[in-house]
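Throughout, read-outs are computed from the coordinates displayed, never taken from laboratory work. Everything numeric in this text was worked out from a predicted model, so none of it was measured. All Cβ positions, glycine included, derive from the backbone under ideal geometry; neighbour counts span all protein chains shown.
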Amino acid sequence: MAGQAQTPWGPATVLDELVVPQRAGSKQFASHVQLLEGGKGELLVRFAYSTGGSARRGPVTLRARDVERLRAALDDRPALARILGWETGEA
């Protein structure tokens, strides 16, 4: 997954990314949750959304059912789940 990302604290490496596809009427988009590692080894979590493949920062809105899908998808991403406080198996 070794992509790069720019943050307010400088460049970071994308360690993991979870994408939650969403739809509102005929509009299709996705919310992204990324686990980043900064230049000094600090872990960062970035939330973004994308339309047409282009990631954008700004408000990310998740419906309750999308949060449930996000949480379920974290079962396969233990490091990201741990940082978010949603360790695998927790309700």
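Key figures
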{"read-out": "Yes/no for Ala55 being within 14 Å of the chain's Cα centre (by Cα), assigned to a helix (DSSP H, G or I) and surrounded by 14 or more Cβ atoms within 10 Å (Cβ to Cβ)", "value": "no"}
{"read-out": "Qualifying residue in the stretch 66-75 (condition: touching a Phe, Trp or Tyr at 6+ places or on another chain (Cβ under 6 Å) and surrounded by 17 or more Cβ atoms within 10 Å (Cβ to Cβ))", "value": "yes"}
{"read-out": "Wholly enclosed strands (runs of 3 or more DSSP E) of the stretch 1-49 bearing at least 2 residues under 25 Å from Arg69 (Cα atoms) and free of Cβ contacts under 8 Å to residues at least 24 places away in the same chain", "value": "10-24, 27-38"}
